[in-house]
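The values are calculated or read from the model by the stated rules, or taken from the named source; none is laboratory data. For clarity, every value in this text was computed on a predicted model and none was experimentally measured. Because the Cβ atoms are built from the backbone with ideal geometry, glycine has one as well, and the counts that use them run over all protein chains shown.
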């Protein structure tokens, strides 16, 4: 057996063991211990996954430029691995209707969401692939809101992933998150023209719909994408959240989940409604600016930092940069984890 | 009805002028005129203009494939307020 193949199999075994045995046990321990151990695992990944570490370091440098010192850049990369490990514990704490995790998450700005819903047109929560964002949406569901997410479960679209792997991620990741949401995810994809109307249907029922706006547009959607200032450069993003708000009258509120320095406590910050008056690109630029500011402040929270291909699709870096070859790996599934049997393989179709 | 819908789509949703004038049997999906958000825009228009509610189960590509199929879908519903 080749050395590379053996290393890959060991990585698979480690991930399966972590998600199916270690993380569920850590979620039963006192939070201080559980998240501490998750961070140790993140530190171990940081040391052992040299290719991914190099890719992340390169992307941090390419995207954030000179804003971070080399030391801070390394700390960001290490933190990215830690946050990835912590997310597994978050997911496992969603048992018992999310109460174990809810005890660790402070929802700030709840009154803004309640006021928005009082108007009867639903609410659009504008978010990003930032921290344990998926858990954040489910936390809102656990706290009494009817939440539906517009977003793809990444493992369902990862090229080359086996059926066994898809079922694995369905069981350990999707199922616990989905249980606390009101409707199945509305999953945009080429040819699915009903997506926005389905979201509008949820909004008409005065429900909460979440949208992560930092996704690279699919090829078929590029004509409708807009360029907005983002992380000191410009990013090509889809302004669908604003269009949806204009068509339905639903307010747009920013919603981002921040992990505190102790790694176990988190704050789900909900903003007041973002004005959507003026042109679509202008209004959307306000949302993108909020996301950009959050990433600039806590770059390790941003999952796309692991994906050179996606950063290029967003227009934040050029294709053919000097990023290490392994950096063509993407955020894959879930929250930065590689497909079990295909480390480095892009999750988005070529 | 065809004229009303054709006019609306031509005016509000067609972004490529080369697709105009729009014929009633032009595929709105294959030509890229309709995507997820423009379909929602069209649905909102149809609901307001013809006094109907388009349910989730009616959001099928075959119902919105062309001006003709949209009109067939609307005619299959009662009541439809013309004019």
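Which of the residues spanning region A:118-137 are under 19 Å from the mean Cα position of the chain (by Cα) and outside any strand (DSSP E or B)?
If the condition is that a residue be under 19 Å from the mean Cα position of the chain (by Cα) and outside any strand (DSSP E or B), then A:128, A:129, A:131, A:132, A:133, A:134, A:135, A:136, A:137 are the ones that fit.
Reported count of residues in region B:12-37, each being at pLDDT 90 or above and either part of a helix (DSSP H, G or I) or in contact with a strand residue (DSSP E or B) (Cβ under 7 Å, 6 or more places away or on another chain) (or both), is 2. Only residues that are touching a helix residue (DSSP H, G or I) at 6+ places or on another chain (Cβ under 9 Å) and either within 26 Å of residue A:242 (Cα to Cα) or surrounded by 13 or more Cβ atoms within 10 Å (Cβ to Cβ) (or both) were counted across region B:18-40, and they come to 16.
If I filter region B:48-62 for residues that are part of a helix (DSSP H, G or I), surrounded by 14 or more Cβ atoms within 10 Å (Cβ to Cβ) and within 8 Å of chain A (Cβ to nearest Cβ), do I get at least one hit? Please lay out each step first, then the result.
From region B:48-62, those part of a helix (DSSP H, G or I) are B:48-50, B:56-58, B:61-62; that's our starting set.
Pick out the ones that are also surrounded by 14 or more Cβ atoms within 10 Å (Cβ to Cβ) and you get B:49-50, B:58, B:61.
Okay, now just the ones that are also within 8 Å of chain A (Cβ to nearest Cβ), so B:61.
Yes: region B:48-62 contains one or more residues that are part of a helix (DSSP H, G or I), surrounded by 14 or more Cβ atoms within 10 Å (Cβ to Cβ) and within 8 Å of chain A (Cβ to nearest Cβ).
Residues are listed down the side, and each one gets a yes or a no for (1) in a helix (DSSP H, G or I); (2) away from chain B (no Cβ under 14 Å):
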| position | (1), (2) |
| --- | --- |
| A:139 | yes, yes |
| A:155 | yes, yes |
| A:158 | no, yes |
| A:184 | no, no |
| A:189 | no, no |
| A:193 | no, no |
| A:200 | yes, no |
| A:203 | yes, no |
| A:214 | no, yes |
